[in-house]
Amino acid sequence: MEQLKGRIIYRGKAEGEALVTSMPISFYGGVDPNTGVILEKGHELEGQRVKDKILVFPQGKGSTVGSYTLYRMKKNNTAPAAMINKETETIVAVGAIISEIPFVDKIDLSKIKKGDTVKVENENVIIL
Amino acid sequence: MELTKQEKAMLDGKEGYAVKKSMEILVALGDIFGAEKLIDVGSVQVAGVSYHNLGDAGLDFLNSLAEDGRVKVLTTLNPAGMDLENWQQLGISPEFAEKQNLVIDAFTRMGILVSCTCTPYLIGNVPLYGEHIAWSESSAVTFANSVLGARTNREGGPSALAAAFVGKTPCYGLHLDENRVPDINVQVNAELSRLSDWGALGYAIGKKAENKIPYISGIKKATLDELKSFGASLVTYGAKPLFYIKDITPGAELQQQPKETVTIEKTDLDDAYNKINDQVDEIDFVCVGCPHCSIKEVAEIADLIRGKKVTSGTELWVATSRTTKQLADKHGYTAIIEAAGGKFACDTCMAVAPLKGRFKALATTSAKGCFYSRQNLMKTKMGSMKECVDAAVTGKWNN
C-alpha cells in the first residue's frame, strides 16, 4: 500500500480500478458521453470505458465545452468514479466541480499502474 | 486564495446553489492559477449558448443554475445555434429550435441579456480602459483586452457564468500588469488593402507568436472592423488574446518593444491565404460576419449587392446582432439585401450553427470563419467583401 498526497480540486471519496494514460484527454469530441468510451483516434485509451474507473491522466485539452461533456457523463452514469491529474487545467477542473466528481491533482502519476485498485480520499490517493 | 467573510458565506451556500457552485468554480480556478484574491468585474460575456455544443447535459446544467442564480453585473450572451426569430428560413429543424429556445429561456431567467452576439462591444457592453471583466468568446476577449484596454482572461462558459453570479473573478493571468507584457516584436512590412488581409495577418502572426503576446509595428492605420477581424484570427490561430499595435491600440506606448523580433512580409500573407483557401471554384454558401458585422459592414454589403441577385443554389448569410439589424431595417439596408435574395442570420453565426453537411464550399471575409467551417466539412475561400458578394451573385470564386 502506498499513499500519495495531492491538491483537492473537488473533494470526495471513491475507490476503483485505475485506468492510466500519459496522454491528455479531450472530453468534448474525444469521449462518448453516452457510453464513456474514449473515441479519440490514436489515443492510448481509444476504445476503453472510463465509467466507474479511477481515471489517471496528465491533464485535459481541447474545447471548453468538455466541461459540459463530463457533466453529461455523470448524468448518464458513464463518468469515472474519480480523476487524478498531474497538473489540471480549467476544462477538466470546471467539469469535475459541476459534475461533483472527486478530483485530485499534483500527483506523481508514474506511481499508479493500470489495473491497480486506487482509493481517492480528498487530497489523498491510496494505492491498495 | 484569501476570501472575505462575504465570499466565504457565498462558498458555504448562504446565497443558494448557483452562487455556491460558482464560488467552487472560482476558488478552484484561483487556486490552480495562483490567484491571491477575487476582484470585482464590471461585466460578463457568456459563451456556450448553441444547443449544438451544449447538448442536453449543458441544458440540464443551465436549468439547475437558473433555479436560483441571478447575475450581479451586466451580462451579455454569445451567439446561439440559430436566428431566434428567423430560424425556419435558415433551414434549422423544429427539434433543434425547441431545444435552443429552452437554453435561451434558462439564460433569460438568470437575468442575462439575450444579445446573442460575439461583438458585445458594438451593442452596449463596452468595458473601460483598465476595467476588470470576465468574458468568454475568444474574439471578444481579444478585442476587449487589446482595442479597449480592459482586462480579462479567456473564460469558458461555466467560469464566465460563475463570475456573473458572484460579480467577481480570480485575479490572475491577464488581470495582472506583469502578464500583459508583450513577448515578441512583430514588424509588418506587408501592405493591408482589404478586410481579409487582416485575417491573413492574424493567421501569420498567430503562427509565429504561438501562445505569445505580440507587439506589432509598421501598421499606419486601422479601423474598428479591421481590428475586430484581426483579433479573431490572431487568437484562433494561436496567439494569446492580447496584442499591441504601436501608435494605434491603447497601452502600447507603456510597453517596451520586445527583443525577439519576427517580420511579416507579403509572402507571409500570401502563404496564409494559401493555407486558408482550398482549391474550389463552385461556392454554395457565402457568409459574412465572423465576428458579427458592424452596421458599417452591413451598409457596405447593401451597397455592393444593390440591384443584383444571389444565384440559385447559393445562399448568402449576413451574420450580425439583432440590435445592428434593427438599425439596418430602419435605414433600408435589410430591404436591399433581402431583395437580392440575401438572408440575415441574427443571433447566430457560421461557427456555432448546426451546418455540418449542409454546404460544400464557403466564401467569407473571415479567417476565423474558415477555421470553424472546416470542422463543418466545408471547403473555404477567404477574400474581400466585394469578392464574397460576387461569389454570391455568380456561385463561383474568381481568382
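With 0.36 nm allotted per residue and the present C-alpha distance subtracted, the B:Ser312-B:Glu282 stretch has 9.6 nm of extension available.
Spin-label model, A:Asn122/B:Gln326: points 7 Å from Cα along the beta carbon direction are separated by 5.3 nm. Going by the alpha-carbon gyration tensor, a ≥ b ≥ c the square roots of its eigenvalues, is region B:308-348 rounded (a/c under 1.5) or, if a/c is not under 1.5, prolate (a/b greater than b/c) versus oblate? Oblate is the answer for region B:308-348, as a/c is 1.5 or above yet b/c matches or exceeds a/b.
The ellipsoid equivalent to the alpha-carbon distribution of the protein assembly as shown has semi-axes of 39, 26, 23 angstrom, derived from the gyration tensor eigenvalues as √(5λ) and listed largest first. Once the Cα-Cα distance is subtracted from the 0.36 nm per residue extended length, the A:Glu17 to A:Glu100 segment shows a gain of 28.0 nm.
Normalising the Debye intensity of region B:164-213 to I(0), with uniform scatterers on Cα atoms only, and taking log10 at q = 0.16, 0.19, 0.28 Å⁻¹ returns -0.66, -0.77, -1.07. Projected onto their three principal axes, the Cα atoms of region A:18-97 cover extents of 27, 25, 21 Å, largest first. Among A:Phe103, B:Phe61, B:Phe230, B:Phe33, the ranking by other beta carbons within 10 Å of each residue's beta carbon, starting with the fewest, stands as B:Phe33, B:Phe61, A:Phe103, B:Phe230. Total Lys pairs in region A:70-126 closer than 26 Å by alpha-carbon, pairs eight or more apart in sequence or interchain only? Eligible lysine pairs with Cα atoms under 26 Å apart amount to 16. Summing charges over all other residues whose Cβ lies under 14 Å from the Cβ of B:Leu355, with Lys and Arg as +1 and Asp and Glu as -1, gives +3. Note on A:Leu70, B:Leu148: ascending count of other Cβ atoms within 10 Å places them as B:Leu148, A:Leu70, the fewest first. Legend: residue pairs B:Lys37/B:Lys368; B:Lys14/B:Lys37; B:Lys37/B:Lys221, Cα-Cα distance threshold 30 Å; pairs beyond threshold, B:Lys37/B:Lys368; B:Lys37/B:Lys221. Based on C-alpha pairs under 8 angstrom that are at least 6 apart in sequence, chain B has a relative contact order of 17 percent. Cross-link check: pairs A:Lys51/B:Lys8; A:Lys13/A:Lys61; A:Lys61/B:Lys212; B:Lys308/B:Lys360 evaluated at a Cα-Cα cut-off of 28 Å; pairs beyond the cut-off: A:Lys51/B:Lys8.
How large is log10 of I(q)/I(0) for region B:307-399 at q = 0.10, 0.11, 0.17 Å⁻¹ when the intensity is taken from the Debye formula with one equal scatterer per alpha-carbon? Cα-only, vacuum Debye calculation for region B:307-399: -0.26, -0.31, -0.76.
Can you give the translational diffusion coefficient of region B:1-97 in µm²/s, computed by Stokes-Einstein from the Kirkwood radius over Cα pairs at 10 °C and 1.306 mPa s? So the translational diffusion coefficient is about 101 µm²/s. In this structure, the amide hydrogen of B:Thr348, modeled 1.01 Å from its nitrogen in the peptide plane, lies closer than 5 angstrom to those of B:Ala80, B:Thr320, counting only residues at least 5 positions away or on a different chain. Put a dot 7 Å past the Cα of B:Asn101, heading toward its Cβ, do the same for A:Leu39, and the two dots end up 2.8 nm apart. Loop-located trypsin sites (Lys or Arg not before Pro) across region A:26-81 with a Cβ neighbour count of 12 or fewer within 10 Å are A:Lys41, with loop assigned by DSSP. Taking trypsin sites (Lys or Arg not before Pro) across region B:232-326, the ones in a DSSP loop with at most 14 further Cβ atoms lying within 10 angstrom of their Cβ are B:Lys259, B:Arg306, B:Lys309. Both the radius of gyration and Dmax for chain B are 21.0, 65 Å, in that order, over alpha-carbon atoms. In a DSSP loop and with at most 14 other Cβ atoms within 10 Å, the chymotrypsin sites (Phe, Trp or Tyr not before Pro) in region B:88-153 are B:Tyr129. Fully extending the segment from B:Asp271 to B:Glu178, taken as 0.36 nm per residue of separation minus the present Cα-Cα distance, adds 30.1 nm. Here the translational diffusion coefficient of region B:129-197 follows from Stokes-Einstein with Rh set to the Kirkwood radius across Cα pairs; for 37 °C and 0.692 mPa s it amounts to 240 µm²/s.
Fewest neighbouring Cβ atoms within 10 Å first, the residues B:Asp303, B:Asp284 line up as B:Asp303, B:Asp284. Taking 14 Å as the straight-line reach from the Cα of B:Lys396, the aspartates and glutamates in range (excluding those fewer than 8 positions away in the same chain) are B:Asp278, B:Asp281, B:Glu282, B:Asp284, B:Glu315, B:Glu387. Overall shape: oblate for region B:254-323, with the ratio a/c of the largest to smallest alpha carbon gyration tensor axis at 1.5 or above and b/c at least equal to a/b.
Only the coordinates and a few stated rules stand behind these numbers; no lab work does. Quick caveat: nothing in here was measured; it's all calculated off a predicted structure. All Cβ positions, glycine included, derive from the backbone under ideal geometry; neighbour counts span all protein chains shown.
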